[in-house]
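FYI, it's all coordinate maths here, none of it is from the lab. Everything quoted here is computed from the prediction, not taken from an experiment. Heads up, the Cβs are rebuilt from the backbone with ideal geometry, glycines too, and the neighbour counts pull from every protein chain shown.
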């Protein structure tokens, strides 16, 4: 573990990019995407200044600007360009549906949306953009580029050599909002999470400090996770670029056959993904496609033992981590020399933590964290400055965890415990048991209302011949009480979010419908 100094995080995102350029060299490659046209740190700074100036002329100072783009170089240039001139990108989840997109724009007060014609056409998002554009200005990157003159390019070149002076005019402070990301709210309305410049820079530096020499200057990160999710933004893009490493952006994690080929072509050494996607890549890969991948950083969902076996055949080590959008997002991660499968690893340096007891839970507690990576707050028009901060800087993760030997193990989300006959039962633990029995299928355990016991456990699985008697025998063999065994088994495909996480609300709703039909 390298030393982590919070004082070093007191800078803007664009300032951190300039530090990386100056430290690692203008000619070092910073980014690549599926077009296979790498750009250097020097070109990234230049492009950010040129595009950022144009976008600044079309928006207001401190304006929250909606960004609807896939994982290509343009999204990174847009991020740093807006930051360089004091604008705040709000990354919109184009897989969320028009209702959620409209709600997100309203929550953030978005008046301007930056997108790309090529992306909208390829993604068949014409109708979505048309509806989002009602009462808002849509800026097409292709049109913005067409307005660039020779003078703009010359000015950008000159400004790239005095970039700090140009950026200083925007007066962006470390504690100013840097991005707005959206998470699902309890009432179905997206919650706008405001992350500051210092939050994002801190998290990128914290990961590198914890990893130490496990991450090398010539490492190449492969990031197929969307930047509208914090895992893709910070772990996949910022951790690499702000620490002088190269990030390869890819626009969809669902391209199981194409991704292993591009990993081989770019000689990527670090892959960021979720368990669901990792299974797909490992199964679709040709013999040597994944040979360059040294480390796999997995998050967002529990890594199954079967997934580890699949990747071990390719010579890769899976390091499971853990985070929350509100924490920029990384809270903990395993290391190559301290890798404990089943856990999410060591808490990052600079993060304070505490466990609060939970009724009915006898081991572990509810995790609260505080540190330089914890959000400024949620967007809230009723709050004094439009942002509702976490109380005393502490963020309630909503997760029940155990911390032993400084290593964190997640027992489950607090809301993913069911109360049956007065006992708190972890749905995640039941899922893990079922996964051991039927490792080649996907399973989700949900709790539905029960008139006698308060709640009942129901298994939703894509295994067509799943049998409750077999499951009961397995549970008894493992020493689990019959109380833990799902009362009913529903066979169905399992809804998945764009991030690769299981869509639990949709699964619960589906289970209600399926059970009503039986």
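Numbers for the structure displayed
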quantity	calculated
Counting DSSP beta bridges with both ends in segment 247-355, the antiparallel % (nearest 5)	45
Percent antiparallel among DSSP beta bridges (both partners in the chain, rounded to 5)	60
Alpha carbon convex hull of segment 82-154, volume per residue in cubic angstrom	104
Gain in span if fully extended, residue 317 to residue 478, counting 0.36 nm per residue against the direct Cα distance	55.2 nm
Inter-part distance where segment 46-76 and segment 340-363 are each reduced to a Cα centre, Å	38
Coordinate range along principal axes, alpha carbons of segment 252-305, Å, largest first	28, 21, 19
The chain: relative contact order in percent, alpha carbon pairs under 8 Å with at least 6 residues between	11
Gyration tensor (alpha-carbon) shape descriptor, segment 102-211, a/c threshold 1.5	oblate
Helix axis angle, 150-161 relative to the chain longest principal axis, alpha carbon, degrees	70
Taking the convex hull of Cα positions in segment 1-138, its mean projected area over all directions (nm²)	10.1
Shape box of the chain [Cα atoms, principal axes, largest first, Å]	75, 48, 45
Pairwise centroid distance, computed over Cα atoms, of segment 224-301 with segment 103-160, Å	27
For 216, 463, 208, order by how many other beta-carbon atoms lie within 10 Å, fewest first	216, 463, 208
With Cα atoms, 0 to 90° folded angle of helix 41-57 axis to the chain main axis	80
Theoretical FRET efficiency, 1/(1+(r/R0)^6), r = Cβ-Cβ of residue 396 and residue 37, R0 30 Å, to 0.05	0.10
Of every Cα-Cα pair in segment 181-245, the percent that sits beyond 19 Å	38
Protection-proxy order for peptides 63-73, 171-181, each taking the mean of Cβ atoms within 10 Å per residue, highest first	63-73, 171-181
Computed [θ] at 222 nm, deg cm²/dmol, the chain (DSSP H ≥ 4; -39,500 (n - 2.57); rounded to nearest 500)	-9500 deg cm²/dmol
Virtual spin-label span in nm between residue 354 and residue 138, 7 Å along Cα→Cβ	4.9
Chain lengthening between residue 117 and residue 340 when straightened (0.36 nm per residue, less Cα-Cα)	75.7 nm
Helix axis angle, 504-517 relative to the chain longest principal axis, alpha carbon, degrees	40
